[in-house]
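The values are calculated or read from the model by the stated rules, or taken from the named source; none is laboratory data. This one's a predicted model, so the numbers in the text were calculated from it and none came from an experiment. Every residue, glycine as well, gets a Cβ built from its backbone with ideal geometry; the counts of neighbours run over all protein chains shown. For the accessible areas, the whole protein counts, side chains as well, though only heavy atoms, and no ligand, DNA or RNA atoms are used. Shrake-Rupley method; radii C 1.70, N 1.55, O 1.52, S 1.80 Å.
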Amino acid sequence: MPLQCSGLELVSLNRISPRPLFEIRYASSNNFLGRTLYPKVDPQLRCPLALELHKVQQDLSKEGLGLKVWDAHRPLAVQQLMWDEVQDPRYVSDPSVNAGRHSRGASVDVTLVNQRGKPLRMPTDYDDFSKSAHVNADGVLSSSRQCSTITRGDGTERISFVCY
């Protein structure tokens, strides 16, 4: 059944079918801060973005692919903890200047997985704050660049997503 919602309320991504895989790193200590920041795994996005993500997941499933969600809506207090650690606006927004897309439920961190749930090769792992993690990084292996292109051109950006 298609995801149904309206307005700008936060919507649980558990309602998407087929459901993306979740590896919400901030609900564990497996993240750049090394500690659990979320009490549970229930990624949420604003309704319009959740609807678009649902379309992407459905399209990818027809190709034997899917999404793995790393992060979605992020509480402002968590955003502040991240900013206190990184303080580099290329990677983490300063909540005193801008609440950021994640804190508004308007951004989602994803990767592509095959039908067995194995992530496709990407240029870097999640939470990598190096130049290699940038969308258009030089020196990316062709297979990794292809996955990045799938994400931008054939996966997410074909339905109003912007990769950054």
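Quick notes on this one:
- Residue match in the stretch 1-15 (condition: more than 21 Å from Gly100 (Cα to Cα) and surrounded by 18 or more Cβ atoms within 10 Å (Cβ to Cβ)): yes
- Taking the stretch 41-158 and the helices (runs of 4 or more DSSP H) fully enclosed by it, the elements with 3 or more residues that are open to solvent by 40 Å² or more (accessible area, probe 1.4 Å) and modelled with pLDDT of 90 or more are at 47-62, 76-86.
- Restricting the stretch 6-16 to residues that are touching a residue at least 40 places away in the same chain (Cβ under 8 Å) and in a loop (DSSP other than H, G, I, E, B), the residue that is nearest to Ala106 (Cα to Cα) is Leu8.
- Restricting the stretch 20-40 to residues that are free of Cβ contacts under 8 Å to residues at least 24 places away in the same chain and more than 26 Å from Asn114 (Cβ to Cβ), the residue that is surrounded by the most Cβ atoms within 10 Å (Cβ to Cβ) is Thr36.
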